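This report refers to the structure that appears directly beneath it.
The values are calculated or read from the model by the stated rules, or taken from the named source; none is laboratory data. Quick caveat: nothing in here was measured; it's all calculated off a predicted structure. Accessible surface is based on the protein model in full, side chains and every heavy atom, while ligands, DNA and RNA are left aside. Shrake-Rupley method; radii C 1.70, N 1.55, O 1.52, S 1.80 Å.
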Amino acid sequence: MEYTVQKLARLAGITSRTLRYYDEIGILKPARINSSGYRIYGQAEVDRLQQILFYRELDVDLESIKKIVNSPSFDDVKALKEHREKLLTKRQQLNLLIANVDKTLAVREGRMNMSDKEKFEAFKQKLINENEKNYGEEIRAKYGDEQIDNSNKKLKGMTEAQYAEVEKLEKEVLDLVNEAFLIGDPASELAQKAADLHRQWLSYFWDSYTKEAHAGVAQLYVDDERFAAYYDKKNSGVAEFLRDAILIYTGMKKG
């Protein structure tokens, strides 16, 4: 079976313009151009488009998808299995949110009571799922399943006030470390205050705090490009600056 741009776009539920753009950026080329100059897509292109749309559904950016599907080692069967697992996780999260909305409606209509803890369960589970998706493999390899499972358990058990405090601390760390970065001294009072706030933030997730583990997390922020991008969003180099501030704070700075 072969398709023109319009037919494939209609089949996939996307626009013809999207398919042309995918061709332009090299993520999905047509199988051939016919004598009339029309792009023609075959079964292989249909299968690749399906993979691309799966990745898009999982919020993967086009540049990353391009690298994945164009890689010589790309395994479409393995990719489909990974899509399935991630979609199941996404479905679980949606089911939790739907159940949460149903409970909230029942409370508003006077049909049942709902604790403050229940109101925030779905949102905390979403945070856990996102952390597992983005960083699970790395942090479990570094700290072990037990440590991460205990951390997730602590997050689930947080009260509304504790959860709000965690979010407040995270924002304060970011604001303060960016302010200290402009001074340029990781040993400065502001930088050390940011390191201390970061310790307080970590303590909400860890069973016990150690300086060694704190320093290890700080190094991970530099070594892992995703963490680095998060901290470097406002000023390039903030991840390394925070790492240095924490190493000084914990007494782990070498040399």
Too-long pairs where the Cα-Cα distance tops 30 Å, listed order kept, from K86/K233; K193/K234; K67/K154; K133/K154; K193/K233; K90/K153: K67/K154
Any idea of the accessible area per residue across region 19-102, 1.4 Å probe, to the nearest Å²? 65
Gain in span if fully extended, E132 to E82, counting 0.36 nm per residue against the direct Cα distance: 16.6 nm
Can you give the Rg/Rh ratio of region 167-255, where Rg is from the C-alpha atoms and Rh is the Kirkwood radius? 0.93
Just the number, please: carbon plus sulfur as a percent of the accessible area of region 142-255, 1.4 Å probe, no ligands or DNA/RNA counted. 50
Probe 1.4 Å, all chains present, heavy atoms only: K29 accessible area in Å², nearest 10, is 110
Quote the accessible area belonging to R140 in square angstrom, nearest 10, computed with a 1.4 Å probe and with ligands, DNA and RNA left uncounted. 60
